[in-house]
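Read the structure below first, then the notes.
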Amino acid sequence: MINKSILFAWITSIIAMGGSLFFSEQMGFIPCTLCWYQRILMYPLVILLGIAFYKSDKEIYKYILPLSIIGMAMSSYHYTIQKIPAMQEFHTCTSGVPCSGQYINWFGFVTIPFLALIAFTIITISMIVLWKRK
């Protein structure tokens with residue numbers, strides 16, 4: 001069960017990284033400042049979780065949880081900037097691509113930061129499961 005938690009988190013991080021690269025490299029969507037910060041938190045997870053899966057490292061949650069929880073907070077903040085007009089006054093993107101911009105808006109609520117939030121949440125839950133079963 002332990003390896004399944006790590007594997008699930010690893011696959012999630014790979015999909016998230018692949019999705020972000022697809023949106024920027026194939027679709028031509030220029031990442032905003034908050035998107036870059038979320039990438040900085042997500043991309044190392046691919047490497048760390050891959051090594052942890054290979055080595056069956058039951059202690060990896062100690063290193064992953066801080067990154068994934070911060071990623072959840074950042075994605076949540078970014079999503080509120082996009083979806084709550086009053087929050088746009090507090091955004092951090094002052095130059096370049098606005099953080100309130102929405103390249104995609106599937107079903108009226110699925111944006112790129114929402115996808116990142118889902119990925120960070122899945123990884124966080126997987127690591128909590130790993131921690132509790134250790």
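Observations, loosely collected:
- Gln102 meets each of the listed conditions (1) at pLDDT 90 or above; (2) touching a helix residue (DSSP H, G or I) at 6+ places or on another chain (Cβ under 7 Å) apart from (1).
- Annotation note: of Tyr43, Tyr54, Tyr63, Tyr37, the sole residue that is open to solvent by less than 70 Å² (accessible area, probe 1.4 Å), modelled with pLDDT of 90 or more and part of a helix (DSSP H, G or I) is Tyr43.
- Restricting attention to the range 66-86 and to residues that are β-branched (Val, Ile, Thr) and open to solvent by 70 Å² or more (accessible area, probe 1.4 Å), the residue that is farthest from the chain's Cα centre (by Cα) turns out to be Ile84.
- Across the range 1-30, the qualifying residues are those that are part of a loop (DSSP other than H, G, I, E, B) and open to solvent by 80 Å² or more (accessible area, probe 1.4 Å), and the one among them that is nearest to Leu117 (Cα to Cα) is Ile30.
- Check on Ser5, of a type in the set (Gly, Ala, Ser) and touching a residue at least 12 places away in the same chain (Cβ under 8 Å): yes
- Beta carbons closer than 6 Å, at least 6 apart along the sequence or on distinct chains, pair a first residue in the range 99-114 that is touching a residue at least 12 places away in the same chain (Cβ under 8 Å) and surrounded by fewer than 17 Cβ atoms within 10 Å (Cβ to Cβ) with a second that is hydrophobic (A, V, I, L, M, F, W, C) and part of a loop (DSSP other than H, G, I, E, B) for Tyr103/Phe29.
- Matching residues, the range 115-128, being in contact (Cβ under 8 Å) with a residue 24 or more places away in the chain and within 18 Å of Tyr77 (Cβ to Cβ): Leu115, Ala116, Leu117, Ala119, Phe120, Thr121, Ile123, Thr124
- Pair list, Cβ under 9 Å, 6 or more apart: the range 17-30 residue under 18 Å from Gly101 (Cα atoms) and among the small types (Gly, Ala, Ser), other residue part of a loop (DSSP other than H, G, I, E, B) and open to solvent by 50 Å² or more (accessible area, probe 1.4 Å): Ser24/Ile30
The values are calculated or read from the model by the stated rules, or taken from the named source; none is laboratory data. Every value quoted in this text rests on a predicted model; they were computed, and no experiment measured them. Every residue, glycine as well, gets a Cβ built from its backbone with ideal geometry; the counts of neighbours run over all protein chains shown. What goes into the accessible areas is simple: the full protein's heavy atoms, side chains included, and nothing from ligands, DNA or RNA. Shrake-Rupley method; radii C 1.70, N 1.55, O 1.52, S 1.80 Å.
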